[in-house]
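Step one of this worksheet: look at the structure below.
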Amino acid sequence: TCFLEISSWSCSLETRWPSSHRLVEAEPVQVLLESEDVPKDFIKLKSEKLSVDEVSELVVSPYCGAVSLFIGTTRNNFEGKKVIHLEYDAYTSMAETEIKKICRAVRQKWPSVKHIAVHHRLGVVPITEASVIIAVSSPHRAESLEAVMYCINTLKASVPIWKKEIYEDEYSWKENKECFWANSEK
């Protein structure tokens with residue numbers, strides 16, 4: 001006789017044999033109901049170094065076969081000038097509100113998207129370190145790849161985060177060519 005016990009938290013399978021045989025018990029298995037894996041948005045603006053592992057782990061889901069990432073890093077040059085580092089500043093509360101709008105738009109355009117994470121660094125960002133990490137999970141790759149591209153392009157166009165490039169002997173506040181308010185003033 002085989003007994004199967006199921007709860008929302010674990011499953012165990014116990015096989016009962018005649019008394020002359022040993023009792024065999026399977027290891028408990030974690031069961032995650034899809035209703036417990038509700039879509040989530042993880043938005044963070046911080047001055048500490050960003051972690052690709054941390055951000056990607058936030059969006060992993062057993063219901064998704066794809067996690068797509070965009071990692072924007074500081075390069076060491078711009079138009080022939082040597083870049084020493086970048087500095088980011090933001091209107092934090094408005095930036096978070098705008099990123100939430102982006103997440104809502106992603107869910108409208110790609111309803112199968114499960115989780116979205118957008119982490120942006122503020123303050124000094126040295127060469128090769130991440131300025132922004134965006135991660136999206138979905139059942140299939142097309143949706144998550146498209147959603148990640150939409151997220152970064154829309155973030156650059158609409159979120160009040162400003163970048164200052166520090167060169168060897170000067171600096172320059174950079175404007176995103178995608179930024180709608182910069183283009184409206186010209």
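The values are calculated or read from the model by the stated rules, or taken from the named source; none is laboratory data. In this text, all values refer to a predicted model and were calculated from it rather than measured experimentally. Cβ: placed from backbone, ideal geometry, glycine included. Neighbour counts: every protein chain shown. Just the protein is used for accessible areas: all its heavy atoms, side chains included, with ligands, DNA and RNA removed. Shrake-Rupley method; radii C 1.70, N 1.55, O 1.52, S 1.80 Å.
Structure data summary
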item	result
Lone qualifier among Ala157, Ala105, Ala90, Ala130 - being on the phi < 0 side of the Ramachandran plot, small (Gly, Ala, Ser) and without any contact (Cβ under 8 Å) to a residue 24 or more places away in the chain	Ala157
Filter pass, Tyr150 being under 23 Å from Val60 (Cβ atoms), of a type in the set (Phe, Trp, Tyr) and either in contact (Cβ under 8 Å) with a residue 24 or more places away in the chain or not in a helix (DSSP H, G or I) (or both)	yes
Qualifying residue in the range 132-150 (condition: loosely packed, with under 14 Cβ neighbours inside 10 Å and basic (Lys, Arg))	yes
Meets criteria (of a type outside the set (Lys, Arg), over 25 Å from Met149 (Cβ atoms), surrounded by 10 or more Cβ atoms within 10 Å (Cβ to Cβ) and modelled with pLDDT under 60) for Glu14	yes
Subset of the range 77-129 (residues that are within 30 Å of His140 (Cα to Cα), part of a helix (DSSP H, G or I) and open to solvent by 70 Å² or more (accessible area, probe 1.4 Å))	Lys100, Lys101, Arg104, Gln108, Lys109
Residues satisfying the stated conditions in the range 55-76, i.e. under 14 Å from Val132 (Cβ atoms) and either of a type in the set (Lys, Arg) or open to solvent by 30 Å² or more (accessible area, probe 1.4 Å) (or both)	Leu69, Phe70, Ile71, Thr73, Arg75
Residues of the range 40-54 that turn out to be part of a loop (DSSP other than H, G, I, E, B), open to solvent by 70 Å² or more (accessible area, probe 1.4 Å) and not polar (S, T, N, Q), as a count	2
Considering residues of the range 49-86 that are without any contact (Cβ under 8 Å) to a residue 60 or more places away in the chain and over 13 Å from the mean Cα position of the chain (by Cα) only, the residue farthest from Thr97 (Cα to Cα)	Gly80
Residues of the range 154-173 satisfying the condition of being more than 14 Å from Val132 (Cβ to Cβ) and open to solvent by 40 Å² or more (accessible area, probe 1.4 Å)	Glu168, Asp169, Glu170, Tyr171, Trp173
